[in-house]
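Working notes for the structure below.
The values are calculated or read from the model by the stated rules, or taken from the named source; none is laboratory data. Predicted model, so just to flag it, every value in this text is computed and none were measured. Virtual Cβ from ideal backbone geometry, glycine too; neighbours counted across all protein chains shown. What goes into the accessible areas is simple: the full protein's heavy atoms, side chains included, and nothing from ligands, DNA or RNA. Shrake-Rupley method; radii C 1.70, N 1.55, O 1.52, S 1.80 Å.
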Amino acid sequence: MHLVVTAHTANGPLSHQRTSPEEALEKAQELEADGHDHVVITDITGRDYAPPEFDSLFLNPGT
């Protein structure tokens, strides 16, 4: 699986590639904790997910 985690920083967008949903969510939460804005996880189809949405759809459905 190919996922891209992107956050907006004072210096522009910052992106990280991850290969598992767990790694992508962990990185997204780390970026949010660091105070970055507009953190999204993008899947291979180009669809963006906010970290809570990604978590509920891919890691913990039904919670």
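Net charge around residue 1, counting only other residues with Cβ within less than 12 Å of its Cβ (Lys, Arg = +1; Asp, Glu = -1)?
My count for the surroundings of residue 1 gives -2.
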Worksheet item: When the label point is put 7 Å from the Cα of residue 15 along its Cα-to-beta-carbon vector, which residues of the stretch 23-62 have a backbone N closer than 14 Å?
Response: 40-49
Worksheet item: How large is the helix-only mean residue ellipticity at 222 nm for the chain, computed as the sum of -39500 (n - 2.57) over DSSP H runs with n ≥ 4, divided by its residue count, in deg cm²/dmol to the nearest 500?
Response: -7500 deg cm²/dmol
Item to complete: Using only the Cα atoms of the chain, each taken as one equal point scatterer with no solvent, compute I(q) by the Debye sum, divide by I(0), and report log10 of the ratio at q = 0.27 Å⁻¹.
Response: -1.17
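Leaving out ligands and nucleic acids, note down the accessible area per residue over the chain with a 1.4 angstrom probe, in whole Å².
On the way: 4020 Å² over 63 residues.
Per-residue accessible area for the chain comes out at 64 Å².
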Fill in: Net charge over other residues, Cβ less than 15 angstrom from the Cβ of residue 34 (K, R count +1; D, E count -1)
-3
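Working with all protein chains in place, sort 38, 2 by solvent-accessible area computed with a 1.4 Å probe, largest first.
Values: 38 140, 2 80 Å².
The most accessible residue leads, giving 38, 2.
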Worksheet, complete the sentence: So, over other residues within a Cβ distance under 14 Å of residue 23, counting Lys, Arg +1 and Asp, Glu -1, the net charge is -3
